[in-house]
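The values are calculated or read from the model by the stated rules, or taken from the named source; none is laboratory data. Nothing here was measured: the structure is a model prediction, and the numbers come from that model. Virtual Cβ from ideal backbone geometry, glycine too; neighbours counted across all protein chains shown. The accessibility values were calculated without ligands, DNA or RNA, using every heavy atom of the protein model including side chains. Shrake-Rupley method; radii C 1.70, N 1.55, O 1.52, S 1.80 Å.
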Amino acid sequence: MLVVRGTVVTMRPGGEVFSQGAVYIDDRGLIAAVTPADPVPGAFETAPGVTTGGVIYPGLIDLHNHLLYNSLPLWTEPARTSVWTSHNQWVDALTYPTAVSAPGRLLGAAAGRALLRYVETRALVGGTTSIQGNPRGSTPPDGDLVRNIDTEKFNTNQDYIRVRTIVADNLDDLAPYVTAVAQGRGFICHAAEGTQPTLRKEFTLLDQAGLVRKQLVVIHGGALTQPDFQLLAAGDATLVWSPFSNLWLYGATADIAAAKAAGVRICLGSDWAPSGTRNVLWELKVADLWNQAQPTPVFTDQELARLVTANPGQALSGVWPHPVGIIQQGALADLVVVGRRDPDPYRNLIQATEPDIRLALVGGTPRYGTRALMTAAGATTATQIRLGRLTRAIDYGDPAIIWAKVLAELERVRTNPQQAVQRAVTALEAIATAGPAADDAPFVLLPDMPAPETDSPAAALEALAPVVVPSPQPLTTGRAWFDAVDANPFHGGMLSGLRHYA
């Protein structure tokens, strides 16, 4: 049990904020009470507590990502002279196989466990406690650093979420997902990514299959129009908005004003490192920039904050067994404590950057934060991690796992990619023979994005050789990344405004 004290921003529909509040976390990793709204449970009279001195929010939820690629730098195609208009175009770019597909595949197969720890760490230092984007390959255990939305089982044998990254071509492709949704499972899929009007047919197919329901989460929707948004709203389905990636690739994003006016539930996702932000905390800033650029702001600051908390929590409600993205009795005790930058609690979250994250708990377990707060919260196996000039503590659940070893394993792939290819091919062949769930199967992450057409993942990796693997990107968002953003002309300068939040 644990009591976490500070200003509590509940993200409840009524917008309750308790300036001198406390969150009571039980032994199941659930919220037992929130004061002053609830009475203090008697069992907590002797429970340990931590006084944060900060602002307590629900842990941030990134509802769209591709984790395999999140150690890579921003990708710019040198031969590109104009914006792309469809997701079918950039996969054929000259440098996509060597700059994106090959290094991601190699890292996932040769150092899958280290890569997952790296990308989860990168998310966590930005306040993310649940992230989508690992639909294929080995399943990380429950109780890992952050919740993997695709595979979280809550210590059961249940499969709560189904994911499809490649767009379906026909109703037969969607048949397994129709069955899963009918059984109450969630379905996360891409549709209408880009600006070509013909891309709407991808969403129309979902509607024809009867999938536009509460469990549906549609990613991007850049080509959707008012009638499509009305269908989404009528079905209580969800739209995930990745404005940075949309502007980076297509120079435009979904008609979010029309979607909101139609009553669509909107969430944010940071997409992936080659065309996305470091974490969803920075995606929130892109949404803020876009909002400020509108003739009349579409969102209030509270509504923006809900895009990474309560809204994705509502998308997962009825699918996951416990509420998330909200601070209330019975909800998952996934919390993030942020330092005070602004007196308004919602603007405070929007303005926050990685150094402002003081503590992150997943299921009531302290996973990341300042050494003082991690110790006070009961972390017993935390180790040191450098965050720029700052020192933080992180708990991978095993004191033998340290950040330096995670980086060293990735560096081993970078410095000797030829040897890494051999290890990766061996691992992929073992997975193909025994399956990723076998007791002795190696831990690999498999790609969910287009790559060379071959008979097997191992053959695909060999077809991409030789592979050049870049160094893992820094955990924090800094000058080099901002310079890369400024060098891309296709976003029309909007994304250059991100520098001002640093």
Original post:
Which number do you get for Rg(Cα) / (2.2 N^0.38 Å) in segment 379-501?
Top reply: 1.39
**OP:** Give the cross-link partners of Lys285 among the aspartates and glutamates, using a straight C-alpha distance below 12 Å as the criterion and excluding same-chain residues fewer than 8 apart.
**Re:** Asp301
Subject >> Solvent-accessible area, 1.4 Å probe, carbon plus sulfur percent, for segment 1-124 >> reply: 52 percent
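Enter the per residue convex hull volume of segment 357-408, computed from alpha-carbon coordinates, in Å³ rounded to the nearest integer. Spell out each step's value before the answer.
Numbers: hull volume 3.7 nm³, N = 52.
So the per-residue Cα hull volume is 71 Å³.
What order, most packed first, do the peptides 234-242, 45-53, 348-356 have when packing is the mean number of other Cβ atoms within 10 Å of each residue?
234-242, 348-356, 45-53
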Original post:
Given a 1.4 Å probe and the protein chains all in place, what does the accessible area of Phe44 round to, in Å² to the nearest 10?
Top reply: 20 Å²
Subject >> Percent of beta bridges antiparallel (DSSP, the chain, rounded to nearest 5) >> reply: 55 percent
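Which percent of the accessible heavy-atom area of segment 169-297 goes to carbon and sulfur, probe 1.4 angstrom?
Whole-percent figure for carbon plus sulfur exposure: 50.
Restricting to segment 23-162, what percent of DSSP beta bridges are antiparallel, rounded to 5? Please list the in-between numbers first.
Numbers: 3 of 8 bridges.
Within segment 23-162, antiparallel bridges account for around 40 percent of the total.
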Original post:
What do you reckon, how do Trp290, Trp282 stack up by accessible area (1.4 Å probe), largest on top?
Top reply: Trp290, Trp282
Original post:
Carbon-plus-sulfur fraction of the accessible area of segment 375-502, 1.4 Å probe, in percent?
Top reply: 53 percent
**OP:** Describe numerically, in nm with one decimal, the distance between label points set 7 Å from Cα along Cα→Cβ at Ala175 and at Val40.
**Re:** 6.0 nm
Original post:
Once label points are set 7 Å from the Cα along Cα→Cβ at both Lys201 and Thr95, what is their separation, rounded to one decimal in nm?
Top reply: 3.3 nm
Original post:
Binning every alpha carbon pair distance of segment 31-153 at 5 Å from zero, what are the percents per bin?
Top reply: 2, 8, 15, 15, 13, 13, 11, 7, 5, 4, 3, 2, 1, 0
Original post:
Under 18 Å Cα-Cα from Lys405, which aspartates and glutamates qualify once same-chain neighbours fewer than 8 residues away are excluded?
Top reply: Glu120, Asp144, Asp395
**OP:** Sticking with the crude label model, points 7 Å out along Cα→Cβ, report the distance from Thr380 to Ser496 in nm, one decimal please.
**Re:** 5.4 nm
**OP:** Report, ordered by chain and residue number, the aspartates and glutamates lying within cross-link reach of Lys214, taken as a straight Cα distance under 14 Å and ignoring same-chain residues fewer than 8 apart.
**Re:** Asp236
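Compute the whole-percent fraction of alpha carbon pairs in segment 227-370 spaced more than 19 Å apart. Walk me through the intermediate numbers first.
Values: 5805 of 10296 pairs.
Every Cα pair in segment 227-370 considered, those over 19 Å come to 56 percent.
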Original post:
In Å, what is the Rg of the alpha-carbon atoms in segment 138-240, and how long is Dmax?
Top reply: 14.4, 43
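Just subtract the alpha-carbon distance of Arg185 and Ala47 from 0.36 nm times their residue separation and send over the number in nm, one decimal.
Working: separation 138, 0.36 × 138 = 49.68 nm, distance 3.65 nm.
Computed gain between Arg185 and Ala47 is 46.0 nm.
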Subject >> Most positive-pole-ward Cα, Ala254, Ile161, Leu281, against dipole of the chain from beta carbon charges >> reply: Leu281
Subject >> Difference of contour (0.36 nm per residue) and Cα-Cα distance, Thr391 to Asp440 >> reply: 14.0 nm
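So, by mean Cβ neighbours within 10 angstrom, what's the order for 318-326, 162-170 with the highest one leading?
On the way: 318-326: 19.3, 162-170: 16.1.
Ranked from most to least packed, the peptides come out as 318-326, 162-170.
Evaluate 2.2 N^0.38 Å with N set to the residue count of the chain, then give the Cα radius of gyration divided by it.
Numbers: Rg = 21.6 Å, N = 502, 2.2 N^0.38 = 23.4 Å.
The value comes to 0.92.
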Subject >> Residue-averaged 222 nm ellipticity for the chain, from DSSP H runs of 4+ at -39500 (n - 2.57), nearest 500 >> reply: -9000 deg cm²/dmol
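At 1.4 Å probe radius, can you tell me the per residue accessible area of the chain in Å²? Don't skip to the end; give the middle numbers.
Numbers: 18550 Å² over 502 residues.
It amounts to 37 Å² per residue over the chain.
If we count every other residue with Cβ under 13 angstrom of Gln89's Cβ, Lys/Arg +1 and Asp/Glu -1, where does the sum land? If you can, show how the numbers build up before the last one.
On the way: positive: Arg80; negative: Glu77, Asp92, Glu193.
Combined, the nearby Lys, Arg, Asp and Glu give -2.
Highest first, please rank the peptides 195-201, 434-440 by the mean number of other Cβ atoms sitting within 10 Å of their residues. Each step should come with its number before you reach the end.
Working: 195-201: 16.3, 434-440: 10.1.
Result, highest mean first: 195-201, 434-440.
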